[in-house]
1. Between segment B:33-54 and segment A:37-65, how far is it from one alpha carbon centroid to the other, in angstrom?
2. What is the Cα centroid distance between segment A:72-147 and segment B:188-260, reported in whole angstrom?
3. May I ask you to sort B:31, A:422, A:389 by Cβ crowding, counting other Cβ atoms within 10 Å and putting the fewest first?
4. Looking at the P(r) of segment A:109-240, how many percent of alpha-carbon pairs lie beyond 24 Å?
5. Listing B:167, B:152 from the residue with the fewest other Cβ atoms within 10 Å to the one with the most, what is the order?
6. Provide the gained length on full extension for the span residue A:55 to residue A:346, in nm with one decimal, where the gain is 0.36 nm per separating residue minus the Cα-Cα distance.
7. Specify the inter-centroid distance of segment A:216-251 and segment A:198-214, based on alpha-carbon positions, in whole Å.
8. Just tell me how shielded A:93-100 is by partners: mean number of partner chain Cβ atoms within 10 Å of each residue's Cβ, no decimals.
Amino acid sequence: MAVVTGLIAMVTPETKREGASMWTFARMHAEMYGPELEAWNQQQTDPSRRVNLSLIGVQAMEQRMMSAFLAGLPSADLIEAERRNAARAFAGPLESVGFLDLTPYIERDGLMNKVNKASFLPWSKDGRIFGLPHDVHPMMMAYRADIVEAAGIDVNEIETWDDFERVMRLLLYKPDGTRRTDRYLLNMWETQIDLIEAVLLQAGGGVIDASGVPVIDSEVNARTISRIAMWTSGPEPIAAEVSFWDATGHQLMRDGFVIATFAPDWMCNYWRKEVPQLAGKMKLMPMPAWEKGGRRTSVWGGTMLGIPKTAQDPEKLWEIAKHLYLSRELAHELYTKSDIVTPVREFWSDDIYDQPDPFFMGQPKGRMYINLAPDVPDRFSSPFGAIALARTQGAVSQLCAYARDVKPQREEDLLPKAREFLAAAQRDAMRHVNRNVFFAARDSSEQSSDAAAEVTR
Amino acid sequence: MILPDRSRSVFPWLLLAPFLILVALFTITPLFGAAVLSTQQTFGPGTTRFVGLSNFKNVLADPLFWTAFKNTLIFTLGSVLVQLPLALMFAMLLNQPGVRARSFFRLVLFSPVLVGVVYVAMIFFVLFQKRTGLVNQLLHGIFPSWDIGFAWLDQYIMVALILATLWQYMGFNMVYFLAALQNVPKELDEAARIDGASWWKRFRHVTLPAITPVGSFVVLLSIIGSVQVFELPYLLLQGSTGVDNKGLTIVGYLYQTGFQSGDLGYASAIGWTIAIVLAACAVLQRMLSGRTEQQRGVKRATRGGDA
């Protein structure tokens, strides 16, 4: 069978459509780009400047992209990749990254000052930028305003996580003082690594430093995961799991099983479509900070547009990429159709972001996200990012299991164990770093840290 | 037609050629390719550096590999020690004379194997959900103190995996045992019965020796299948390795390093380590079944001498 199909594939002529090919993984993006690209194609007198868009499942796209990159074969001319998928392309040595280095184009067109700088970081490696950022994805807390306000709680009293726990706690109890089993304050659980990462970043921690090396065992991470363990597994847990992606989770959201949940801008659109029953019941507020005056936001997710090295005529493709990601019309459409805030800072003052959103009880949602966008924490790409996150999640799970066993009264009781588990996770992650000959070679040139700092500047 | 001597020596090779070419292309070549790769650190096939045996050294010192090994061992033991006795039990029940609708029950028990692993994973993913899963709902219904939020897929993923595999493959192994049981000489069993042997003695001294060759083959198949388990945990845990890597298996770790981290060299070293473990199991199985055969031969010879 393999021989026969191989022969058929060999003799079948390749059908090549005129113009550039573009892959995207998100239906929402494809729906948005479709009419825009149609208009663009109609304007082009040169057929080679037209763009053919394909919507491909995220995993299929990752496999096709990576197979092409690793084998040095052509793929699409433009690839829109999600953070986790794109990260795989940055895992090897700099010269083996399959995307074209866009740094000269970005510098030439002055985009470093135009686009939110933190948005470049996930697509950067050793100071070189390989993708045009699609978004910022600031994070807020979405809460069940109908329940909170009915209980007479004023969320303006909440500035820190301590405030959050103190002010919201009364929602956990019935009028007779007994603990409710059908309500928690926070949607958070020990295996949700995206949320754990977001919370660590918000607290000023994180798992990867600017040079791409794991920094799992920092004191701030130890303190943060101790709090997470208290929330989810302490003697009086305030957090529970409500899956974002399935019907069970949606039902629990409707039931008010959790009061507050982490909400990056893109999540608003997801709820709007998947749980419309929540319309008019939820409001947004900045995330509580870890200390007074601290950061009130974090970040989750991200998408970039890259040009594979094998693509023909990068200049032409760069023009298309800029049109899709940096034009005002598409930035507005991005917000109206998907609730996502553009990374182009000069559009942030546009009126469209001030419009009240009925889903969130008339709040000017766009403006609220934009106010937080400059504070979004930096995230650095690294070949060890996935390993570091997995090990950190393992440490969180170990700490949660420990908390369930010992039933600590205070977060501080968990700190020694948190340090111990994180140190073990760090050692394990460093074993991967130390055995990676490509990284060692790069590290010896001592470029990485300075280069990452360069992008941040 | 009588073939000339020369043709007679070439003809069998011609018949074997398609098989040999395919095996050489798709089995032997990748095997040697993986051996070469296991001495390199790679980022895809294009970027490689020779690292000697350090991949193997790292694999053996890698706590995650040992976690995966331990998990796989638990799964293998669970599968073999739970699934096979149950398969044998059902085979014996169906082999009883006078069982009605034997074919129907055989089909019912065998049918889960016809369902793909993806479907099994989807079914068990729903069954083992925390609050809404049927397993927790049922247990909570029977035992009100049962925690409806019991995290099967977090803390007890191996139990969930063993149960899912049991459901899927028990009937498959039962068919092997049933075939073996139907070949047990009836006269031996009858003779033992007439001599007043109990059920257990007849099973121990007549049935079990007769089905041992098939039994050891089924054990070997189960061990190989269990060591290679990948799809079920991958799907049940939705691509993750579970809480504290409780769902990480050896092949899962191989996939993670080879296809997610792009280090095909390290993945090849893991692959070769699995191959060596499996080969050791096969040799052990051959030795054990060889010894059993030998013992039986000695017993037969002794009895013959006595006579």
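Taken together, the values in this text are just the output of simple stated rules run on the coordinates, not laboratory data. Fair warning: this is a prediction, and the values are worked out from it, not measured in the lab. Reconstructed Cβ throughout: ideal geometry from the backbone, glycine too, with neighbour counts over all protein chains shown.
1. Computed from Cα coordinates, the inter-centre distance equals 36 Å.
2. For segment A:72-147 versus segment B:188-260, the Cα centre distance is 47 Å.
3. B:31, A:389, A:422
4. Across segment A:109-240, Cα pairs with separations above 24 Å total 46 percent.
5. Numbers: B:167 17, B:152 20.
Lowest to highest Cβ neighbour count: B:167, B:152.
6. Gain on stretching residue A:55 to residue A:346: 101.8 nm.
7. Distance between centres, Cα-based: 18 Å.
8. 2
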